[in-house]
Amino acid sequence: MKKTIKEQKSVLMILLSNIFIAFLGIGLVIPVMPSFMNIMHLSGKTMGYLVAVFAVAQLLISPLAGRWVDLYGRKKIIIIGLFLFGVSELIFGLGTSVSILYISRILGGISAAFVMPGVTAYVADITSIQERPKAMGYISAAISTGFIIGPGIGGFIAEYGIRMPFFFAAGIAFLACISSIFILKEPLTKEQLAEISANTQKTSFISDLKKSLNPLYFIAFIIVFVLAFGLSTYETVFSLFSDHKFGFTPKDIAVIITISSIFGVVVQVFMFGKMVDILGEKKLIQLCLITGAILAVVSTVISSFLAVLVVTCFIFLAFDLLRPALTTFLSKAAGKEQGFVAGMNSTYTSLGNIVGPATGGILFDVNIHYPYLFACIILIIGFSITVMWKEKQLAESLVE
């Protein structure tokens, strides 16, 4: 009999803190982007690539990390990931050339590829089927909070120096690494890991990729891609857009993103379960996609600080509700294949995080409104894909 979430508070808090810190690092770079552009004379395209290279590294390593989580155990992979993250942030803080910044972001992507499947599989191991949706909701809240509040924290700390946010991130990453070493215990025995590993050895990344095309997973994975694409495009361009169009400072950007993230997470924690009960997962996902698409267009015609704040709040809320709906569905559909699903989830997230910022940066150089309009098109395509998502098939998969 597995312990309840309440009985495992300390372990869950460490796990949630770990994944929060990993995704915090992705967002930290956002508010200082305009300053880096000015200091190093970089184009929007280069800045987009700087964000995208993180996701490229995550994409390449995620499938391997998903397998290593099953092979070597959850705890070891999480600890290695946190250590690499600390190193990557330290390098970024010390970097004075673009090549050094790229190296830092590559290491950061590798660290995220380790931490994400490690934490997801760990939580799946220690929670019952009944409590897993709640636990996955907490993970999604931690991911969303880290990804969205990162720019907020980065903007505030940047007041003390443009490189201070990265030294701060490195410090908390090393602290999380040390605390994980002493507090976390491997949730599976050596025998259980050996059994899972034996099954894992029979597969390869190519076979895993083919397996992800199964209708049971594929539409959900495509929506994962759309979510990552839309959010990363919006967030990568947001600070550049706000700086160029409105003259917002890093602190202004930090205020908007911090308030938006708090609003999104509060609604997610207290309302997500009720919204799933009322609407069902499919309708909630569709509502979030449509809302995101409409507000992406609205972003191009507003001008006041208050209007930007309100629109950003609801865009982030849409993404905050979309993520746990998808994560919960995938976890339930996975059964004993938590490593595979977590790895593929990370893979499709990475694909979105590569294409989104790279495309957004290129379009930004052409016209500052184009990235938002393109994000709208992608979200509408995502909505169209969900129409093919059969209710009967979804219900059957959740029962299995």
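Here is a yes/no grid of residues against (1) at pLDDT 75 or above; (2) buried (at least 22 other Cβ atoms within 10 Å of the Cβ); (3) in contact with a helix residue (DSSP H, G or I) (Cβ under 6 Å, 6 or more places away or on another chain):
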{"site": "ALA296", "(1), (2), (3)": "yes, yes, yes"}
{"site": "PHE329", "(1), (2), (3)": "no, yes, yes"}
{"site": "ALA333", "(1), (2), (3)": "no, no, yes"}
{"site": "TYR372", "(1), (2), (3)": "yes, yes, yes"}
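For the range 233-252, a residue qualifies if it is in a loop (DSSP other than H, G, I, E, B) and surrounded by fewer than 22 Cβ atoms within 10 Å (Cβ to Cβ), and the qualifying residues are GLY247, THR249.
Being in contact (Cβ under 8 Å) with a residue 12 or more places away in the chain, β-branched (Val, Ile, Thr), in a helix (DSSP H, G or I) and farther than 25 Å from VAL237 by Cβ is a description that does not apply to VAL297.
Out of GLY264, GLY230, GLY292, which single residue is touching an Asp or Glu at 6+ places or on another chain (Cβ under 6 Å) and either part of a helix (DSSP H, G or I) or among the β-branched types (Val, Ile, Thr) (or both)? Write out each step before concluding.
Numbers: GLY230 fails: touching an Asp or Glu at 6+ places or on another chain (Cβ under 6 Å); GLY292 fails: touching an Asp or Glu at 6+ places or on another chain (Cβ under 6 Å).
Matching residue, one of GLY264, GLY230, GLY292: GLY264.
Residue selection: GLY118 satisfies the criterion of being on the phi < 0 side of the Ramachandran plot, within 16 Å of the chain's Cα centre (by Cα) and assigned to a helix (DSSP H, G or I).
Every residue in the range 90-103 that is at pLDDT 90 or above and within 21 Å of GLY161 (Cα to Cα), please. Result: LEU90, ILE91.
In the range 146-163, the qualifying residues are those that are assigned to a helix (DSSP H, G or I) and free of Cβ contacts under 8 Å to residues at least 60 places away in the same chain, and the one that is nearest to ASP252 (Cα to Cα) is ILE157. Confirm whether ILE381 is modelled with pLDDT of 80 or more, surrounded by fewer than 24 Cβ atoms within 10 Å (Cβ to Cβ) and under 30 Å from LEU64 (Cβ atoms). In short, yes. I'd like to check something: does the range 243-252 contain any residue that is modelled with pLDDT under 80 and on the phi > 0 side of the Ramachandran plot? Checked the range 243-252: at least one residue is modelled with pLDDT under 80 and on the phi > 0 side of the Ramachandran plot.
Given the structure, is ILE181 buried (at least 19 other Cβ atoms within 10 Å of the Cβ), over 17 Å from the mean Cα position of the chain (by Cα) and at pLDDT 80 or above? Criteria not met by ILE181.
SER128 meets each of the listed conditions (1) assigned to a helix (DSSP H, G or I); (2) touching a Lys or Arg at 6+ places or on another chain (Cβ under 6 Å); (3) among the polar types (S, T, N, Q); (4) surrounded by fewer than 19 Cβ atoms within 10 Å (Cβ to Cβ) apart from (1).
The values are calculated or read from the model by the stated rules, or taken from the named source; none is laboratory data. In this text, all values refer to a predicted model and were calculated from it rather than measured experimentally. For neighbour counting, all protein chains shown are included, and Cβ atoms are generated from backbone atoms with ideal geometry for every residue, glycine included.
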